[in-house]
Amino acid sequence: MAHHTMEEDLNIAPPPQAQNLTSSMVTKKWPFLVTKGRFQLLRNFRANLQKVIFGTKLAVLFPAVPLAVVADFYSLGRPWIFALSLLGLTPLAERVSFLTEQIAYYTGPTVGGLLNATCGNATEMIISLLALYQNKVNVVKFSLLGSILSNLLLVLGSSLLCGGLANLRKEQLYDRKQADVNSLLLLLGLLCHLLPLMFRYALAGEYASIATSTLQLSRASSIVMLIAYAAYIFFQLKTHRQIFDAQEEDESEDGEKAVIGFWSAFTWLVGMTLIISLLSEYIVATIEAASDSWGISISFISIILLPIVGNAAEHAGSIIFAFKNKLDISLGVAMGSATQISMFVVPLSVVVAWTMGIEMDLDFKLLETGCLALTIIVTAFTLQDGTSHYMKGLVLFLCYIIISACFFVQKTPLIDDA
Amino acid sequence: MSSSSLRKKSDLTLVSKVRYDLLRNLLANLQEVILGTKLAILFPAIPLAIVAQWFDFGRPWVFAFSLLGLTPLAERVSFLTEQLTYYTGPTVGGILNATCGNVTELIIAIFALSNNKIVLVKYSLLGSIISNLLLVLGTSLLCGGLANLRQEQKYDRRQADMNLLMLFLALLCYLLTLLFHYSGASASDSTDSSLQLSRAASIVMVIAYCAYLVFQLWTHRQLFEAEEEDDEEGGNDSEEAVIGFWSGFVWLAGMTVIIAVLSEYVVQTIEDASDSWGLSVSFLSIILLPIVGNAAEHAGAVIFAFKNKLDISLGVSLGSSTQISMFVVPLCVIVAWIMGIKMDLNFNLLETGSLALAIITTAFTLQDGTSHYMKGLVLLLCYIIIGACFFVQRTPSSKHNNM
C-alpha cells in the first residue's frame, strides 16, 4: 500500500513537507569511503555510516559531541560543557530531521507526517522534559517561548529578507491560506497564555486561590490546545491537503527512494535521540554556571541562544528555499514549527508536568507574553496579503534584534521554581 | 503635494506695475511665499506673539498666538521643500521632504528636551502619531466617502501595509520598554535597563527607517508612485518651481528660525496656559499641539480624498506617522543621549495603550484596499474618544518636569 502510494505521487515528502526537504538541502555526498572493503556487510555498514554521519555539511561540528562527554567526565569547567553541548546539538538535530525523512518514505505520508511533527522539534521537547524533571520550570517556559519567537521572527525574517534581496526584480507570491491557518492557531495559543497571566492581575485580592486557579486553567487549556493540534494535523493531512501541497512538484531531490533501510534508519534515530538526551541533560544542568560565567542572564540564554541552536538546520533550509523563490516551503517550515511548539510541545510539557506532580502553568510572565503577543500580531499582519519583499523580512528580523536586546539588558534574577 | 491644495495662484498684476526690476522680483517672491496660501491670514499672529512675549501680555496669550502662528509657517515650509525638490530631483527631494515634513514637531521636541521637559516631548510626538493615524486619516476617509458616495474608492494596500508594518515595529519598541517597568524588577534596575533598551531600539529604528527610504525611493518605487501622474493639478500649471533655488533655501532657513522662536515660546508657556485654561498638560501636548503642527497636511489629505485620490491621502497621513514614530522619536532619544538627558521610550500605560489600539484599528481598516465613509467616521470617533480620555485626565502638572 505504501509502495503504491509512493509510485503515484511524483514526490513523496510527507507533510509538513518543508521540514523533510531542509535536511536534504544540507546533505552532500562523500563517495570515497565506500569503494574499499571486501566484505559485503562491512561495505554496507560503511555506506550507511557515510550517509548518516558524514552526509551533511554540519558534520564538522560532530566532534563537539565526544568533547562534551569528555568535558563532563573530567569536570573541565561547566561553561565548556554547556558550549560544547550546544555545538554538538546542531548537527544532531539536523540528522534527526534527515532520518525521519527517510523513515517517512517507508511509512507513507500520513504516519510520516505525524512522525515528522513529533521529531521535528525533538531537541526542544527533550530539553523541556529534562528541565521539567530537574524542576527548572522557567527554563522550559523560556526555551519554548524563545523557539516560537525564533521561528516567527528570525527564521521567517531572514528567509524573507534573503529571498527578497535575491529576487528583487521578481514578484514573490505565496499561498496565504496556509499562513492564515497557522496564524489562527498561534492566536489561540496566545489566548491560552494571556488568560492565566491576566488572572494574576485581575484577582490581585484573593491571593491564595490564584495559583490554583491559574494551574487548573493552564491544564484545561493544554488539553484544548492538544485537541486543536490533533485537528490541525487531520486538516493538514486528510481533508485539506491541497492547501499544503502547493509547490511540491519540483522537489524530488535524488529520487523518490530512501537512501538507507528502514530498520537502519530506526536504529540510528534511536541512537541519536539518546545522544541528544545526554547533551540536553548537560545543557540543563550547566545553564546557570554558564550564565554566571559569561555574565548573560539565564532568560537571554533560554530565549535567544538555545532556540538558535535548536533551529539551525531548519533556518538554513528555509533561507535556501527563499533564495529559490519557493516561499510556500519557507513559510511551511517557519510557521509550521512555531505552531507545533506553541500548540503541541508547550501543552505536552504542561501535561507531563501534571503527571510528574510539578506545577507548570501557562503564565509566561508579562514581558515575555508581551513579546509573544506582538510577534504573533506582526507576523500575522505581515503574511496576510500573499506577497513578500525584503522590507518585510528586514522588519521581522529587526523585531527579533530588539527582543534579543530586551532580554539581554534585563537583569531580573530568575527564580528557579514552579 | 499636500500644500498645493492650500495654495493660491499669485496674481502678478500688482507687481508688474513696480518699476525697478530687482524690487519687482523681490515683491513677486514675497507675494509668492508669504501670501501664496489661504492660511496667510494667520500670519499676523507671529508678530503678535513676539509682542505679547516682549510686553508680558500674559503667558496664555503668548501660547495661543504662537500656536496660531505656527500653522501657516508649517504649511509654508512644506511648500518651500516642495519647490526645492524640483531642483534636487526626487531622491534627495524625498529625503528632504521626509526631514522637513515634520520640522515643527522636531523643533518643539528638541526645545523641550533642552528644557528637560521629557514628558512634553513624549506626549507631543505620541499625539502627532495618533493624530495622523486617526484624525487626519479619519477625516480624509470620511469626507472622501461622503463626497464619492456612488463611486468605489480604492487604494493600493501595499503602501499602507508597509507603513503599518513599520508602525508595528515602533510599537514593539515602545511596548517592550513599558513592560520593563511592570516586570517585577526593582525601580532603579528597570530604569537602567529600559534606558539601555530604548537607546539600542532607537538605533535599530533609525536603521529601519533608512532602509525604508531606500525601499521607497529606490528599489520598490513602483509601489509608491501609484497616482503621481495626475498630481500636478491644483495651482501648478507646470513642473517648474515658482521661486529660485537659493531664494527657496533662504526663505526655508528664515522660516525655520521663526518656527524655532515660536516653538520656544510654546514650550515655555505650556504649563501656564494649562493652568489658566484648566486643561491638563497631557491634553495640550497630545491633542492641541499636533493639530496645529499637522494642519497643513490635514487640509491637503482631506482635499485629495475629496478628489478620490486616496493613495495620496494615505501617503500623507501614514507616511507622516511612520516618520515620527521611526525617525523623530528615536532621533530625540539619541539627541537626549548625547545631551546626557535620560529619555527612554516608555510612554506610560494609557498612552501606549491608545497608540497600540490606534495602530491595530488602522491596520485592520486599511487592509482590504477599499474605503467608505463609515471607516473614516470610526477612525475619527476613535480619536474623539482618545481626546476625551486625555481631557478628563487630571494628573497634577508639577510632576511632569522630571519623569
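Residues whose amide H lies under 5 Å from that of B:T37, counting only those 5 or more places away or on a different chain, are B:K8; hydrogens are built 1.01 Å from N in the peptide plane. Per-residue shielding of B:141-147, expressed as the average number of other chain Cβ atoms within 10 Å of the residue Cβ, stands at 0.
As a rough guide to protection, the peptides B:306-319, A:145-158 ranked by mean Cβ packing within 10 Å, highest first, stand as A:145-158, B:306-319. Legend: mean number of C-beta atoms from other chains within 10 angstrom of residue C-beta atoms, peptide B:200-208, equals 4.
Using +1 on the beta carbon of Lys and Arg, -1 on that of Asp and Glu, and nothing else charged, what's the dipole of region A:115-232 about the Cα centre, debye to 20? Present the calculation step by step, with values, prior to reporting the outcome.
Values: 8 positive and 5 negative charges, 23 e Å.
Roughly 100 debye for region A:115-232.
Heavy-atom accessible surface of region A:339-418, averaged per residue, reaches 28 Å², computed with a 1.4 Å probe.
Going by average Cβ density within 10 Å per residue, which order do the peptides B:320-331, B:346-357, A:43-54 take, highest to lowest? Can you show the working numbers first?
Working: B:320-331: 26.1, B:346-357: 18.6, A:43-54: 16.6.
The packing order, highest mean first, is B:320-331, B:346-357, A:43-54.
With a 10 Å cut-off around each Cβ of A:386-392, the average count of Cβ atoms from other chains is 4.
For region B:203-212, putting each phi into the Karplus relation 6.51 cos²θ - 1.76 cosθ + 1.60 with θ = phi - 60° gives couplings of 5, 4, 5, 5, 4, 4, 5, 4, 4, 5 Hz, in residue order, rounded to whole numbers and with x for Gly and Pro. For the set A:M198, A:M125, the ranking by accessible area, highest first and with no ligand, DNA or RNA atoms included, is A:M198, A:M125 under a 1.4 Å probe.
Once you sort the root eigenvalues of the Cα gyration tensor of region B:267-372 as a ≥ b ≥ c, which label holds: rounded (a/c under 1.5), prolate (a/b larger than b/c) or oblate (the other case)? Mind showing how you got there, number by number?
Working: a/c = 1.95, a/b = 1.52, b/c = 1.28.
It comes out prolate by the Cα gyration axes.
Using a 1.4 angstrom probe on protein heavy atoms only, the contact between A and B buries about 3000 square angstrom of accessible area, both sides summed.
Each peptide in A:96-107, B:153-164 receives the mean, over its residues, of other Cβ atoms within 10 Å, and ordering these scores from highest gives A:96-107, B:153-164. Close amide H contacts of A:S388 (hydrogens built in the peptide plane, cut-off under 5 Å, sequence separation of 5 or more or a different chain): A:Q172.
The values are calculated or read from the model by the stated rules, or taken from the named source; none is laboratory data. The shown structure was predicted, so the numbers you read here are calculated from the model rather than taken from an experiment. Cβ sites come from the backbone with ideal geometry, for glycine too, and all protein chains shown count toward neighbours. Note: areas computed on protein heavy atoms with side chains; ligands, DNA, RNA excluded. Shrake-Rupley method; radii C 1.70, N 1.55, O 1.52, S 1.80 Å.
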